[in-house]
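Since the structure comes first, as structure tokens, the remarks are kept for the end.
The values are calculated or read from the model by the stated rules, or taken from the named source; none is laboratory data. These figures come from a predicted structure and were not determined experimentally. Positions of Cβ are generated from backbone atoms using ideal geometry, with glycine treated the same way; all protein chains shown enter the neighbour counts.
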Amino acid sequence: MIKTGKFNKGLIVVNAYEVLPAVQHMVDRLATELNNLGIEVEVKSNAEILSFIGSNGELYSADLKDDFCIFLDKDPYTSHLLEQGGMRLFNSADAIEACDDKMLTYMKLLHFHVAMPKTVPGPLHYGVNDNQDFLHNLPRIIPFPIVCKENYGSMGNGVYLANNEDELLDIESKISYKPRLYQELIKSSWGFDYRLIVIGGKFKVGMRRRSLTGDFRSNIALGGIGEAVTIPDEFIHAAERVAAILKLDYCGVDLLEGPNQEPILCEVNSNAFIQGIEQVTKHNVAEDYAKYIYKVIYTM
């Protein structure tokens with residue numbers, strides 16, 4: 001039985017400097033579904049939430065009256081301070097941080113036997129000197145073509161393909177001062193992958209994403225399309241397992257298809273957008289997420 005929730009309140013946090021249309025859509029959809037459950041929603045930017053550490057090392061937490069917070073930003077400091085002040089975040093600060101940094105995602109999944117592309121972290125580069133030893137040695141571990149990724153990025157941005165050493169050197173010249181990684185190309189999944197939404201540890205809905213331009217990336221933001229398909233059980237199990245290991249309340253797990261049609265992890269998105277997958281599958285993801293939050297906060 002759902003309570004009337006006259007005094008139930010929830011907070012949604014967004015970035016102070018840019019709210020992408022996909023983020024605003026997610027805010028609107030979640031607010032609507034939470035309102036339907038009797039939860040009043042307020043939206044604030046991370047700049048409006050003033051939590052800080054005092055001169056004696058004590059925490060001064062923002063004076064918030066909300067029962068929970070859906071944190072749609074990736075600001076690690078604000079999220080951690082909110083949690084230390086007692087706020088229940090969806091997702092947790094640690095989970096958001098683990099997904100925001102792609103290399104950290106793979107490291108968190110070490111020793112759990114999760115299938116993923118062979119991955120090499122790029123060495124930290126902060127000086128003016130140039131050293132190409134790493135790039136010359138890299139093809140011994142990962143043969144060309146090599147996928148080059150900036151650790152922080154979404155919607156396919158910051159992902160490149162090097163077909164030979166000249167292209168690798170050119171890409172490195174553009175991203176060498178950024179956290180980055182290098183991966184083997186899963187050729188069997190060229191131009192397509194699967195996006196699976198997992199909420200509360202359970203698979204809810206999925207779609208196949210496919211490039212229409214011949215690009216090896218399948219992101220809808222880059223012109224790809226979403227297709228409603230039946231997700232194989234092996235892919236569902238893999239997505240649920242990854243979400244459980246990373247302790248995610250809500251996420252989108254992107255899986256590649258290996259040469260034997262097995263799931264191979266590509267990325268995990270702690271704030272996966274819902275507009276595309278709701279339109280493609282006609283499944284109400286926002287309602288699933290709102291009901292999960294209600295259950296966690298008000299009935300458990």
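State whether one or more residues within segment 218-229 are surrounded by fewer than 21 Cβ atoms within 10 Å (Cβ to Cβ), out of contact with any Lys or Arg (no Cβ under 7 Å at 6 or more places or on another chain) and assigned to a helix (DSSP H, G or I).
Yes, some residue in segment 218-229 is surrounded by fewer than 21 Cβ atoms within 10 Å (Cβ to Cβ), out of contact with any Lys or Arg (no Cβ under 7 Å at 6 or more places or on another chain) and assigned to a helix (DSSP H, G or I).
Anything in segment 53-81 that is under 21 Å from residue 300 (Cα atoms) and modelled with pLDDT of 95 or more? List them, or say none.
Answer for segment 53-81, where residues must be under 21 Å from residue 300 (Cα atoms) and modelled with pLDDT of 95 or more: 66, 67, 68, 69, 70, 71.
Give segment 23-59 a look and list any residue that's under 21 Å from residue 75 (Cα atoms) and in contact with a Gly (Cβ under 7 Å, 6 or more places away or on another chain), or say none.
Listed by number, the residues that qualify are 41, 51, 59.
In segment 183-209, what residues are in contact with a Ser or Thr (Cβ under 6 Å, 6 or more places away or on another chain) and either surrounded by fewer than 19 Cβ atoms within 10 Å (Cβ to Cβ) or more than 15 Å from residue 257 (Cβ to Cβ) (or both)?
Answer for segment 183-209, where residues must be in contact with a Ser or Thr (Cβ under 6 Å, 6 or more places away or on another chain) and either surrounded by fewer than 19 Cβ atoms within 10 Å (Cβ to Cβ) or more than 15 Å from residue 257 (Cβ to Cβ) (or both): 183, 191, 192, 205.
I want to confirm something. Restricting to segment 86-123 and keeping residues that are among the small types (Gly, Ala, Ser) and surrounded by fewer than 16 Cβ atoms within 10 Å (Cβ to Cβ), which single residue is nearest to residue 272 (Cα to Cα)?
The residue in question is 115.
Out of all the residues in segment 87-102, is one or more acidic (Asp, Glu), farther than 30 Å from residue 65 by Cβ and within 19 Å of the chain's Cα centre (by Cα)?
Checking segment 87-102: at least one residue is acidic (Asp, Glu), farther than 30 Å from residue 65 by Cβ and within 19 Å of the chain's Cα centre (by Cα).
Restricting to segment 151-182, name every residue that is crowded, with 16+ Cβ neighbours inside 10 Å and either in the same structural domain as residue 263 (by TED's automatic domain parsing) or hydroxyl-bearing (Ser, Thr, Tyr) (or both).
154, 160, 176, 182
Scan segment 61-115 residue by residue and report those that are polar (S, T, N, Q) and assigned to a loop (DSSP other than H, G, I, E, B).
Hits for segment 61-115 are 61, 91, 92.
Conditions: (1) modelled with pLDDT of 95 or more; (2) part of a loop (DSSP other than H, G, I, E, B); (3) not charged (D, E, K, R). Residue 182 meets all but one. Number of the miss?
Every condition holds for residue 182 apart from (2).
Given the conditions (1) surrounded by 12 or more Cβ atoms within 10 Å (Cβ to Cβ); (2) acidic (Asp, Glu); (3) modelled with pLDDT under 95, which single one is not true for residue 130?
Here residue 130 clears every test but (1).
Can you name the residue in segment 244-260 that is out of contact with any Asp or Glu (no Cβ under 8 Å at 6 or more places or on another chain) and in contact (Cβ under 8 Å) with a residue 60 or more places away in the chain and, of all such residues, is surrounded by the fewest Cβ atoms within 10 Å (Cβ to Cβ)?
The selected residue is 259.
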